[in-house]
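Have a look at the structure below, then the notes.
The values are calculated or read from the model by the stated rules, or taken from the named source; none is laboratory data. As the structure is a computational prediction, the values presented were derived from the model and not from experiment. Cβ placement follows ideal geometry from the backbone for every residue including glycine, while neighbour counts extend to all protein chains displayed.
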Amino acid sequence: MSLGGDGTFLKTASMINSDRVPIFGVNTDPSRSVGHLTSIYVPFEERKTEIPRIVDFVDRENFRFLYK
């Protein structure tokens, strides 16, 4: 899971040496970043409640992959 913006997502992707490892991108500062590469956005002031909720969704496999 990449928490940040597009730059953070690209940095995370460059560190993964496998095309079989999915990267879930969360834009944590939508007021400053459009987040084209991230899947969802979480306003900075809501991060303490929303990020644990997202992790719980991923943990319970309550999501689907979107391939573009």
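Of all residues in segment 47-67, exactly one satisfies the criterion of being under 22 Å from GLY7 (Cβ atoms) and at pLDDT 85 or above, namely GLU50. Within segment 1-41, being free of Cβ contacts under 8 Å to residues at least 24 places away in the same chain, aliphatic (A, V, I, L, M) and outside any helix (DSSP H, G or I) holds for ILE16, VAL21, ILE23, ILE40. Every test in (1) surrounded by fewer than 18 Cβ atoms within 10 Å (Cβ to Cβ); (2) closer than 22 Å to GLU61 by Cβ; (3) modelled with pLDDT under 85; (4) not aromatic (Phe, Trp, Tyr) is passed by HIS36 save one, and that test is (2).
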